[in-house]
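The structure appears below as structure tokens.
The values are calculated or read from the model by the stated rules, or taken from the named source; none is laboratory data. Because the structure is predicted, anything quoted here is derived from the model rather than measured. So basically every Cβ, Gly included, is an ideal-geometry build from the backbone, and we count neighbours across all protein chains shown.
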Amino acid sequence: MNIANQITILRILISLLCMGLILRFSLTSLILGFFLFLLASFTDFLDGYIARKKNKISDLGKLLDPLADKVLIIGVFLALLEKGLVNSFLVILIMIREFLITGLRLFALRQNKVIAAQSFGKHKTLTQMLAIIFIFILIITEKTLPKLGISWDWFKDFRKITVFLIMIWVAGITLISGGMYLWKNRKIIKSL
């Protein structure tokens with residue numbers, strides 16, 4: 001197991017901590033969860049950079065990296081869903097895409113083919129990460145305003161509408177990238 005794959009596994013562990021902190025839902029736990037999410041997101045860049053720079057790209061890494069991304073993104077969305085902060089239908093759409101593509105990758109692996117992440121899929125992951133960062137900022141701001149003695153009723157409505165619009169955007173990008181992924185790998189799908 002090379003250093004890039006170890007960093008990927010670290011991302012999975014950080015993801016679990018981040019989910020737990022979101023579920024705790026205090027201002028302190030959300031701030032800690034936010035910084036852990038930033039760290040986990042950075043490891044997504046770091047493991048790929050190290051693998052390319054040290055020429056340590058492996059089949060395990062090609063499978064493990066997208067899996068770690070899914071644990072991070074879906075885990076955080078599920079924690080936010082548990083707290084009633086995101087729309088369940090949109091989270092389900094995102095999950096269906098992620099599980100469908102993972103299933104395709106596993107099927108390809110059974111045929112001794114490794115399907116690496118593609119560029120639009122990487123853009124999708126970046127979009128999801130940026131969306132979660134923005135959602136974290138909105139939630140932390142909403143929890144901070146009352147502590148500062150600032151009226152926050154208007155901000156709660158603003159946060160709800162903004163998060164809903166962000167989730168529509170993320171679900172759209174996620175579904176488009178899934179469609180592109182399925183199209184590009186249609187030969188493998190036909191062999192099912």
Anything in segment 136-154 that is within 29 Å of the chain's Cα centre (by Cα) and not acidic (Asp, Glu)? List them, or say none. 136, 137, 138, 139, 140, 141, 143, 144, 145, 152, 154
Criterion: among the β-branched types (Val, Ile, Thr), over 19 Å from residue 90 (Cβ atoms) and part of a helix (DSSP H, G or I) - qualifying residue of 127, 141, 162: 141
Within segment 161-172, which residues are surrounded by 12 or more Cβ atoms within 10 Å (Cβ to Cβ) and free of Cβ contacts under 8 Å to residues at least 60 places away in the same chain? 162, 166, 169, 172
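Answer yes or no as to whether residue 100 is at negative phi and not in a helix (DSSP H, G or I). Outline the logic, then answer.
Working: at negative phi: yes; not in a helix (DSSP H, G or I): no.
Taking the combined requirement at face value, the residue does not satisfy it.
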Within segment 142-164, of all residues that are modelled with pLDDT under 95 and hydroxyl-bearing (Ser, Thr, Tyr), the one farthest from residue 27 (Cα to Cα) is 151
Hey, could you check segment 147-160 for residues that are surrounded by 13 or more Cβ atoms within 10 Å (Cβ to Cβ) and of a type outside the set (D, E, K, R) and say which is nearest to residue 87 (Cα to Cα)? 158
Evaluation of residue 106 against (1) outside any loop (DSSP other than H, G, I, E, B); (2) surrounded by fewer than 17 Cβ atoms within 10 Å (Cβ to Cβ); (3) at pLDDT 85 or above (one fails), failing number: (3)
Please determine whether any residue of segment 45-65 is aliphatic (A, V, I, L, M), in contact (Cβ under 8 Å) with a residue 60 or more places away in the chain, in a helix (DSSP H, G or I) and crowded, with 16+ Cβ neighbours inside 10 Å. no
Condition set at pLDDT below 95 and in contact with a Gly (Cβ under 9 Å, 6 or more places away or on another chain), scope segment 13-50, selection farthest from residue 144 (Cα to Cα): answer is 48
